[in-house]
Amino acid sequence: MDNMEYKGTTTIGLVCDKGVVLATERRATMGHFIASKDAKKVYQIDDLVGMTTAGSVGDAQRLVKWMQVESKLYKMRREEPMTVKGIVSLLANILSGNRYYPYYVQLLVGGVDKNGPNIYSLDAVGGIIEEKKAVATGSGSPMAYGVLEDRYVEKMPIDEGIELAIRALHNAMKRDSASGDGINVIKITSEGYIHIEDEYIKKIREHLT
């Protein structure tokens with residue numbers, strides 16, 4: 001499975017009032033073939049930091065394991081967690097150092113630290129953009145952005161952010177054949193890293209056209 005180039009996806013990150021929302025759909029495609037209907041595209045990197053992945057699944061999983069180990073080691077040595085920006089800087093250095101044999105990934109890293117809620121996007125060669133509001137990556141991102149730009153407001157309550165992320169993914173999945181088959185949503189606040197229940201997501205989607 002590591003060598004399969006699963007592509008086509010939609011991932012979303014929202015900076016909210018007291019935290020961040022990271023959301024993805026679950027379809028993995030190879031060309032026009034639906035390779036998986038339950039692909040994992042959001043991973044926990046540290047207690048209060050998550051990462052969404054678009055691109056090659058094998059490359060993404062290697063980077064996830066690397067960052068999980070590095071953040072654990074940092075915490076053991078320093079007795080405090082890495083900041084979101086610290087994790088992103090290390091990840092950017094890894095990506096940049098492999099630019100001639102790049103990891104085929106597009107990443108969002110988001111979480112909460114002593115500086116508050118933060119989300120960053122990274123490209124395959126380590127370019128970093130700090131996302132102050134809402135961001136989407138992957139093949140369904142143009143459709144998702146249509147919804148996000150229309151409805152996102154700064155410092156929105158995190159529960160409204162969860163609903164908006166679901167709405168944006170729901171719309172992307174209707175129009176992008178490479179996106180589909182359910183939604184994963186993560187809420188990160190200073191209280192913790194929380195998976196939103198499938199039942200709650202289903203309930204919100206039932207009210208969307």
Note, ³J(HN,Hα) from phi for the range 184-192, Karplus 6.51, -1.76, 1.60, rounded to Hz, x at Gly and Pro: 10, 10, 10, 10, 10, 10, 5, 7, x
So which lysines pass the test for LYS72, namely a Cα distance under 18 Å, with those fewer than 8 places away in the same chain ruled out? LYS85, LYS114
Under a point spin-label approximation (7 Å from Cα along Cα-to-Cβ), what is the ASP150-TYR104 distance to one decimal in nm? 3.3
Would you kindly state how much longer the chain becomes between VAL69 and GLU197 on full extension, computed as 0.36 nm times their sequence separation minus their alpha carbon distance, in nm to one decimal? 43.3 nm
FRET efficiency estimate (nearest 0.05) - Cβ-Cβ, SER96 to ASP159, R0 25 angstrom: 0.10
Percent RCO, i.e. relative contact order, over the chain, from Cα pairs under 8 Å lying at least 6 residues apart: 30
Backbone HN-Hα couplings from phi across the range 80-88 [Karplus 6.51/-1.76/1.60, Hz, Gly and Pro as x]: 7, x, 5, 6, 4, 5, x, 4, 5
Which order results if LYS72, LYS155 are arranged by neighbouring Cβ count within 10 Å, fewest first? LYS155, LYS72
Violating pairs (Cα-Cα greater than 21 angstrom) within the set LYS18/LYS40; LYS41/LYS187; LYS41/LYS75; LYS40/LYS133; LYS41/LYS65: LYS18/LYS40; LYS41/LYS75; LYS40/LYS133
Relative packing of 140-147, 92-99, which averages over residues the other C-beta atoms within 10 Å, highest first: 140-147, 92-99
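Every read-out reported here was derived from the displayed coordinates using simple, explicitly stated rules and does not represent laboratory data. None of these values were measured; they are calculated from a predicted model. Note that each Cβ is placed from the backbone with ideal geometry, even for glycine, and that neighbours are counted across all protein chains shown.
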